[in-house]
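The values are calculated or read from the model by the stated rules, or taken from the named source; none is laboratory data. Since the structure is predicted, the reported quantities are computational estimates derived from the model, not experimental observations. Cβ placement follows ideal geometry from the backbone for every residue including glycine, while neighbour counts extend to all protein chains displayed.
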Amino acid sequence: MSEIGIGIIGGGYMGKAHAVAYACVGALFDTRLKPRLEMVAASSPASAERYRKAFGFARAAADWSDLVADPKVEAVVIASPQETHRAIVEAATSLGKPVFCEKPLGASLAEAEAITAAAESAGVVNMIGFNYIRTPASQYARRLVAEGEIGDVTWFRGEHTEDFYADPEMPASWRTEGEANGTMGDLAPHMINAALALIGPITGLMAEIETVHHDRGGVAVTNDDHAQMMCRFAGGAMGHLYFSRIATGRKMGYIYEITGTKGAIRFNQEDQNSLWLYRAEGPEAERGFRQILTGPAHPDYLPFCQGPGHGTGYQDQIAIEARDFLEAIADGTPRWPTFRDGLAVSQVVAAAQKSQATRQWQDVVQVKDMPQ
């Protein structure tokens, strides 16, 4: 087994999640590459040293550029704010280093395009972090749709709703500054990614993007609180997506419903170990949605637990991402979702923003089909 030195940029919420994932992924999945927590960088040398001690890294970096340039860092994980992504990716890919980047890919469509071009021109392994679609239940839902188990899809409804800013008295923070930190930059990419993964490309949309609370403690809010869009998929299905950080009562409202000609699927991330499936078969009196509890028969469940219904959690999704990144590096072949898949999400976001500005339907730039 070969070791690989992992460098993580960012030690906060997501930096810690990735550090924990790389500390355990080799044991969970018996990966061919065994990750070594080589170096961590943060907003200051002092913060990096604190994270080094807490998470078990060998070394702390003075800044991200030192981490990227270090020869013992053989793969880079970016868990820092999106406005930092482009410079880090361009530096790492110029050295031929594989890069995993948290969503969104960049702070704008132009940045997402530049990031994708940098990785593809360098020919390096690249992945973007969309963790929620990796639950065993959602992986199974994706399989059911792809195999035609619910027939032709006619309708998709998805939402990503949380309530961390539902209280109008909540003070302003970095989350209320700048378009990239609003709901369309923060929450929307996850559900857009789910729609693309489950149903396929979005060809056109009509969006409304709104700031509900314009002032927080005397500080002007410069980004959006919630948004909605009607959309049309390349396969012909209609859809509706909604995103909100002011959805009172919602803690992790990553929810989707898929209607097909032979059945339907429902999922709610707040109950992430259940999938609800309807099949249009059998006596009418006995038809109805049935709850499927995830277990070892579902994708990527068994490495975490041998008991059906015992469940997996948030951190496990990050470990699955780490497994896929390591396997992509070992094989030298892409694993979904790549930067180009992240770019597809950025293109939908950009079309929604243009729709809001023009008050018209907008076409979405087409990208190549995503690998399965």
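Here are the numbers for this structure:
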{"read-out": "Segments classed as strands (runs of 3 or more DSSP E), wholly inside the stretch 79-164, with at least 1 members that are among the charged types (D, E, K, R), assigned by TED's automatic domain parsing to the domain that holds Met238 and in contact (Cβ under 8 Å) with a residue 12 or more places away in the chain", "value": "153-161"}
{"read-out": "Selection count where residues are in contact (Cβ under 8 Å) with a residue 12 or more places away in the chain and either part of a helix (DSSP H, G or I) or among the β-branched types (Val, Ile, Thr) (or both), scope the stretch 37-53", "value": "7"}
{"read-out": "Matching entry among Asp66, Asp30, Asp70 (being free of Cβ contacts under 8 Å to residues at least 12 places away in the same chain and over 20 Å from Asn181 (Cα atoms))", "value": "Asp30"}
{"read-out": "Members of the stretch 173-217 that are surrounded by fewer than 16 Cβ atoms within 10 Å (Cβ to Cβ), out of contact with any strand residue (DSSP E or B) (no Cβ under 8 Å at 6 or more places or on another chain) and among the acidic types (Asp, Glu)", "value": "Glu177, Glu179, Asp215"}
{"read-out": "Positions within the stretch 66-97 being among the polar types (S, T, N, Q) and closer than 20 Å to Ala330 by Cα, in sequence order", "value": "Thr93, Ser94"}
{"read-out": "Test set (1) under 21 Å from Ile78 (Cβ atoms); (2) over 13 Å from the mean Cα position of the chain (by Cα) - Gly307 fails condition number", "value": "(1)"}
{"read-out": "The stretch 22-36: number of residues that are out of contact with any strand residue (DSSP E or B) (no Cβ under 9 Å at 6 or more places or on another chain) and either in a helix (DSSP H, G or I) or buried (at least 17 other Cβ atoms within 10 Å of the Cβ) (or both)", "value": "5"}
{"read-out": "Hey, Thr259 in a strand (DSSP E or B), in the same structural domain as Arg143 (by TED's automatic domain parsing), polar (S, T, N, Q) and on the phi < 0 side of the Ramachandran plot or not", "value": "yes"}
{"read-out": "Residue selected from the stretch 70-112 under the condition closer than 20 Å to Asp186 by Cβ and of a type in the set (Asp, Glu), by the criterion surrounded by the most Cβ atoms within 10 Å (Cβ to Cβ)", "value": "Glu102"}
{"read-out": "Selection count where residues are of a type outside the set (Gly, Ala, Ser) and over 20 Å from Glu321 (Cβ atoms), scope the stretch 33-67", "value": "9"}
{"read-out": "Scope the stretch 113-122; condition buried (at least 20 other Cβ atoms within 10 Å of the Cβ) and within 22 Å of His190 (Cα to Cα); matching residues", "value": "Ile115, Thr116, Ala119"}
{"read-out": "So Tyr314, is it within 20 Å of Pro136 (Cα to Cα) and buried (at least 16 other Cβ atoms within 10 Å of the Cβ)", "value": "no"}
{"read-out": "Residues that are closer than 21 Å to Val89 by Cβ, in a helix (DSSP H, G or I) and in contact with a strand residue (DSSP E or B) (Cβ under 7 Å, 6 or more places away or on another chain), drawn from the stretch 54-65", "value": "Trp64"}
{"read-out": "Pairs with Cβ under 6 Å, 6+ apart, first in the stretch 268-288 and surrounded by 11 or more Cβ atoms within 10 Å (Cβ to Cβ), second β-branched (Val, Ile, Thr)", "value": "Asn268/Ile255; Gln272/Thr135; Asn273/Thr294; Leu275/Ile292; Leu277/Ile265; Leu277/Ile292"}
{"read-out": "Residues that are more than 22 Å from the chain's Cα centre (by Cα) and surrounded by 15 or more Cβ atoms within 10 Å (Cβ to Cβ), drawn from the stretch 1-21", "value": "Ile4, Gly5"}
{"read-out": "Unique residue being free of Cβ contacts under 8 Å to residues at least 24 places away in the same chain, more than 26 Å from Gln272 (Cβ to Cβ) and of a type in the set (A, V, I, L, M) when the list is Ala357, Ala350, Ala330", "value": "Ala357"}
